[in-house]
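Peer 1: Quick one: the structure is below, and I'll ask about it shortly.
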Amino acid sequence: MGGGLIFLALFVCIGLAALGFISIPKGPNQVVARTSVLLVITCCWLMWAITYLAQLHPLIRPKRSDLRPPVFAPNDY
Amino acid sequence: MDAAVGEFPSLLRSETMSLIQLYVPIDVAHSTVEQLAVLERIQFKDLNPEVNPFQRTYVSQVRRCDEAERRLRFLTVQIASQSIPMRPYLDTIGLFAGRSGAQALEELDSRLVESEQRVAAMNTSYESLEKRALELEEARQVLIETDVFFREASSRSEEIRTSYDDTSAPLLGDVEQRGVEESGFGGFELEFVAGTIDRARMPTFERVLWRVLRGNLYMNYAEIDDSALPVPASESGSSAGGEEKKLRKNVFIIFAHGQELLDKIRKIAESMGATLFPIDSNADKREDKLREVSSRIEDLNSVLYNTNQTRRQELVKIAESISAWWAVVRREKIVYATLNLWQWDQGRKTLVAEGWVPTRDIPLIQGALRQASEDAGSSVSGILHELRAAKNPPTFHRTNKVTEGFQAIIDSYGIGSYQEINPGLFTVITFPFLFAVMFGDIGHGILMAAAAFSLILMEKKLGKKGTGSEIFDTFYFGRYIIFLMGLFAIFTGFIYNDIFSLSLNLAPSQFRWPTDFKAGDVVEGIQTAARYPFGVDPAWHGADNALIFTNSLKMKMSVVMGVLHMSFAICLQIFNHLHFKKPELIWAEFLPQILFMESIFGYLIACIVYKWSVNWEEAARNPPNLLNMLIKMFLSPGNVLPEDQLYPGQATIQVFLLLLALVCVPWMLCTKPYLLWKEHQKITEQGYHGIGANGHDALSQEDESDAEGGGHAVVSAEMDEEHEFDMGEHVIHQVIHTIEFCLGCISNTASYLRLWALSLAHAQLSEVLWSMTIEGAFEMEGAAGVAFLVVMFAMWFTLTVASAFPVANPEAHVKAALTLVLLAVLIVMEGLSAFLHALRLHWVEFNSKFFVGAGRAFEPLTFDGTDEIPAGVIL
């Protein structure tokens, strides 16, 4: 877990992108398909990584005022 | 300068176009144009631009087509007014199979002339018959009403005596009564004038008569029943079978004594537009006349009916093939209009054509030429010749049904210059993605994707034209765009952890709630060792300070994405510079731009990422505010207070980056004009040294014929004129460009914050919808609570989606219909809004970094649209 997951995901995505790049057959749509695969993987990884990174060391924590104290402790089951 | 033609077309750049010349013998010309129009791959140039339309070669044929079109229009309007359905084009294709367009037009011409004459003749005869019928009907009404008058007069014998002193009694009433008794008006010559007049004119008529005759008349009138008089078709001015408007007329009968008075009455009546009818005073004779008129009316009506039937039959027959006729005429017109663009070579009896063709498709054109000569039955076919050094080619992007939507929205901004990098290629993914960043919700994404998917499934049925409705067609044309938008919205919904404003718990949250507190206390989540693996932690949902966290996240995400998007756009310049063989521009334009952008905003996003990756609790420091840091970098460079320091060495690095950005500005400002000036110098120097200067590649497109003739002085003067170089203009242009870029960097980066703003708005609206409808229902208890929940669910569901799901209960139908509005409003309204903003980001922020967009679109010769009747013919 932790920050390493981002790099792990990055390498997985690079791998997927490479795989996609190679495996798209020649044809009139090859350029579009390749570009699209690369862009999709890039955009999705980017958005996920930003969100994950932002929660890695959060500066604030969630606060609520509408909870009721539990009758049973969480680990009692 | 053109790219070599690759094995397959690519959307990265527009297609390589060639200017070709066709030499076509006359007898093959017509079928050649037909074949090329079917191919849709060639755009012809007008080789006779100075010739006015009336002097062109094929003007008589075009005129014939126009005549035929006029006749077709007439017939179509006739058919439509009779509400006869016309067979659609696809069913009529077989009618002209096997015949070339020219033969078909010949045949069609004669048939059209014949049909038009017949229908027009039937129309005129119908109209005249109708008019006659009307006159007869009026005569009949007059006969009927005057009969009533005479009978009324005879029945009023007693009344006359009693009302003798009554001033309102008619003057000649007693005389009339005596006259009727004596049948035939024996002693007293009482004469009358009878006729019809427009109801509107009646009062005026009466008044005029009264004044002129000084009251020496007795007038009676009655209204003709409205349903009895149809207006003849010619008066209403509409086509055959026009609507029946009612003519409002009155029958009048005026009794007066003396020839003079009667003459006056007749003159006045005629001047007021009344129609006079000769009526006999003898009742029997009137009855005979009435019978005669009635029988004639009946005869006329039957003739009218027969005429109508015959005309209708004729029109029905025509309606069966009129779609095919329209297609033939429209195609012939296009063919002859195209032939008029070609040049007529008198000596060799051929036509010369010039046109733009994608280089890849030249074999197709040659195939079409061969096919055309086969069709024309000639052994000689057209010859294709490729021209070199052609100027100003059109821009052609070869799209398929998926990419044509995206290319269309990019083309609305501007057609790309010939062979520059096409933003449409990247738009296929970045546009739906940026939309989804502003729209993230799994539920809404699923609904949107499902709706678009259903449109995609209907593709075969709806074809290219779609339905008639314009609004629906807009969505239909963009179905693939909407589908991708929906799919990405599902993804971003997972990231934002938002499904219909609720959150999913895909994994244990990284916060746990404390256990020792009292109800109503403000409790803070405790960080655990785990981290939520995908998206925003569900613990934030419903927290009081949720917005503080999500705003920070989304704002930073927007800036990061924006800077990366723009940097990508700047990098695309490299490809353009390399392709157009101007590598010096990479140093002159690309490098300063990218350095300027990255040293300020690239630095910013690096700091954002760095600040996220530091564990501030462990470091036991307050994390510095990045915005202040950026501002202070400019306002007081080199001074970084220890408590504001993000990383060691910050001050030095910031000063370095600032200086780098500062250096880029004069770099951008001066380098390109200097390069242009140097080039110009080189040209003029070469001009003095010799003729036929090839000059730079950039200036090589001028005609080679200039190089010959004249002395050196003439040559250099010509060269000077052609390469008119205004240094001042270039410098000003570059100044504007530089200022635009530098200021644009800041404003465009801030502009990307709309990604945050819209996603916030969407999330809040979604939450409001939920809390206003169903959430309340969950809190109610007991049976009422259950019922309320059901109702609210129906409301919420329908509001959200509804139309696709059948609802058995009619009550729920009503509530569903009411609530459909809310979710439909949410998805459609927010969808359109986010669509617009994502489009703006592409058009302004992305395109301005590399896109020139000064091209013209490729508009090939096509028969598209000829299988429909042109709009406006049938109203």
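Peer 1: Would you mind checking which residues have amide H under 5 Å from B:Ser417's amide H? H placed 1.01 Å from N; only 5 or more apart, or other chain.
Peer 2: Hits under the 5 Å cutoff: B:Val852, B:Gly853, B:Ala854, B:Gly855.
Peer 1: Note the full-extension length gain between B:Lys131 and B:Arg621 as 0.36 nm times their separation in residues minus their Cα-Cα distance, in nm to one decimal.
Peer 2: The span from B:Lys131 to B:Arg621 would gain 166.1 nm if fully extended.
Peer 1: Also, I was wondering about something else. Read phi for every residue in region B:37-53 and hand back ³J(HN,Hα) as whole Hz from Karplus 6.51 cos²θ - 1.76 cosθ + 1.60, θ = phi - 60°, with x for Gly and Pro.
Peer 2: In residue order, the calculated couplings are 5, 5, 5, 6, 10, 9, 10, 7, 8, 7, 8, 10, x, 7, 7, 7, x Hz.
Peer 1: Ok, one more. How high is the relative contact order of chain A, in percent, with contacts defined as C-alpha pairs under 8 Å that are six or more residues apart?
Peer 2: Normalised by residue count, the contact order of chain A is 36 percent.
Peer 1: Which lysines, if any, have their Cα less than 24 Å from the Cα of B:Lys289, not counting same-chain residues under 8 positions apart?
Peer 2: Output for B:Lys289: B:Lys131, B:Lys249.
Peer 1: Per-residue accessible area for B:Val609 at 1.4 Å probe radius, Å² rounded to 10?
Peer 2: Number for this one is 60 Å².
Peer 1: Probe 1.4 Å, all protein chains in place: accessible area of B:Trp540 in Å², nearest 10?
Peer 2: 10 Å²
Peer 1: Based on the Cα coordinates of region B:388-493, what is the per residue volume of their convex hull in Å³?
Peer 2: Taking only Cα atoms, region B:388-493 has a hull volume of 121 Å³ per residue.
Peer 1: Give me, ordered by chain and number, the residues 5 or more places off B:Arg248 or on other chains with an amide H under 5 Å from its own placed amide H.
Peer 2: Hits under the 5 Å cutoff: B:Arg199.
Peer 1: At 4 °C and 1.567 mPa s, what whole-number value in µm²/s does Stokes-Einstein give for the translational diffusion of region B:17-119, with Rh from the Kirkwood sum over Cα pairs?
Peer 2: 77 µm²/s
Peer 1: Of A:Lys26/B:Lys581; B:Lys581/B:Lys672; B:Lys582/B:Lys682; B:Lys333/B:Lys391; A:Lys26/B:Lys849; B:Lys672/B:Lys849, which pairs sit farther than 19 Å apart, going by alpha carbon to alpha carbon?
Peer 2: A:Lys26/B:Lys581; B:Lys333/B:Lys391; A:Lys26/B:Lys849
Peer 1: Residue-wise, which Karplus ³J(HN,Hα) couplings in Hz belong to region B:631-648, taking 6.51 cos²θ - 1.76 cosθ + 1.60, θ = phi - 60°, and x for glycine or proline?
Peer 2: 5, 5, 4, 8, 7, 9, x, x, 10, 10, 5, x, 6, 9, 6, 8, 8, x
Peer 1: From the protein chains alone at 1.4 Å, what is the descending order of accessible area for B:Trp677, A:Trp48, largest first?
Peer 2: B:Trp677, A:Trp48
Peer 1: Something else: Using 0.36 nm times the number of residues separating B:Ala761 and B:Arg291, minus their current alpha carbon distance, what extension gain do you get?
Peer 2: Computed gain between B:Ala761 and B:Arg291 is 160.9 nm.
Peer 1: Could you compute the FRET efficiency for B:Ile26 and B:Lys582, with r as their C-beta to C-beta distance and R0 at 60 Å, rounded to 0.05?
Peer 2: 0.80
Peer 1: Hey, can you grab everything whose amide H is under 5 Å from the amide H of B:Met17? Only 5+ residues off in sequence or another chain; H modelled, so Pro and N-termini drop out.
Peer 2: B:Thr359
Peer 1: Still on this model: Which value, in Å² and to the nearest 10, is the accessible area of B:Leu434 when all protein chains are kept and the probe is 1.4 Å?
Peer 2: My reading of the accessible area for B:Leu434 is about 10 Å².
Peer 1: Residue by residue, what Karplus-based ³J(HN,Hα) values in Hz, rounded to whole numbers, does region B:740-753 have, using 6.51, -1.76 and 1.60 with θ = phi - 60° and x for Gly and Pro?
Peer 2: Per residue, the Karplus-derived 3J(HN,Hα) values read 4, 5, 5, 5, x, 3, 5, 5, 5, 4, 5, 4, 5, 5 Hz.
Peer 1: Next up: Taking 0.36 nm per intervening residue step and subtracting the Cα-Cα distance, what contour gain separates B:Phe472 from B:Glu459 on full extension?
Peer 2: 3.4 nm
Peer 1: For region B:533-638, with only Lys/Arg (+1) and Asp/Glu (-1) charged at the beta-carbon, what is the dipole magnitude about the Cα centre, in debye rounded to 20?
Peer 2: 240 debye
Peer 1: Take B:Lys333, B:Lys285, B:Lys267, B:Lys460 and sort them by solvent-accessible surface of the protein heavy atoms, 1.4 Å probe, largest at the top.
Peer 2: B:Lys460, B:Lys267, B:Lys285, B:Lys333
Peer 1: Could you order B:Glu127, B:Glu223 so the one with the most accessible surface comes first? Probe is 1.4 Å.
Peer 2: From most exposed to least exposed: B:Glu223, B:Glu127.
Peer 1: In addition: If you average 1/r across every pair of different Cα atoms in chain A and take the reciprocal, what Kirkwood value do you get, in Å?
Peer 2: 16.1 Å
Peer 1: Give me D for region B:426-543 in µm² s⁻¹, whole number, from Stokes-Einstein with Rh from the Kirkwood sum over alpha-carbon pairs, 10 °C and 1.306 mPa s.
Peer 2: Stokes-Einstein gives a translational diffusion coefficient of 95 µm²/s.
Peer 1: Additional query: For the modelled label position 7 Å from the Cα of B:Val522 along Cα-to-Cβ, which residues of region A:40-67 have backbone nitrogen atoms closer than 15 Å?
Peer 2: Correct set: A:60-67.
Peer 1: Ranked highest first by the average count of other Cβ atoms within 10 Å around their residues, in what order do B:637-649, B:130-142 fall?
Peer 2: My ranking of the peptides, most packed first, is B:130-142, B:637-649.
Peer 1: Still on this structure: Projected onto the charge dipole of region B:28-83 (+1 at Lys/Arg Cβ, -1 at Asp/Glu Cβ, origin at the Cα centre), which of B:Phe44, B:Val77, B:Gln61 gives the Cα projection farthest towards the positive end?
Peer 2: Of B:Phe44, B:Val77, B:Gln61, it is B:Val77.
Peer 1: On to the next question. Could you compute the FRET efficiency for B:Glu374 and B:Leu547, with r as their C-beta to C-beta distance and R0 at 56 Å, rounded to 0.05?
Peer 2: 0.15
Peer 1: Here's another thing I want to ask about it. Under a crude label model (7 Å from the Cα following the beta-carbon direction), how far is B:Lys45 from B:Thr310 in nanometres?
Peer 2: Once both label points are built, they end up 5.9 nm from each other.
Peer 1: Same structure, new question: Each label point is 7 Å from the Cα along the Cα-to-Cβ direction; what then is the distance between the points at B:Trp677 and B:Leu659, in nm?
Peer 2: Spacing of the two 7 Å Cα→Cβ label points: 2.7 nm.
Peer 1: Also, I was wondering about something else. If R₀ is 22 angstrom, what is the calculated FRET efficiency for the pair A:Ala18 and B:Thr399, using the beta carbon separation as r and rounding to 0.05?
Peer 2: So the FRET efficiency works out to roughly 0.20.
Peer 1: A further question on this structure: Report, as an integer, the average count of C-beta atoms from other chains found within 10 Å of each Cβ along B:485-497.
Peer 2: 2
Peer 1: Using only C-alpha atoms and all pairs of different ones, pull out the Kirkwood radius for region B:496-581 in Å with one decimal.
Peer 2: 16.3 Å
The values are calculated or read from the model by the stated rules, or taken from the named source; none is laboratory data. Please read all numbers here as calculations on a predicted model, not as lab measurements. We place every Cβ from the backbone using ideal geometry, glycine too, and count neighbours over all the protein chains shown. Keep in mind that these areas ignore ligands, DNA and RNA; they rest on the heavy atoms of the full protein, side chains included. Shrake-Rupley method; radii C 1.70, N 1.55, O 1.52, S 1.80 Å.
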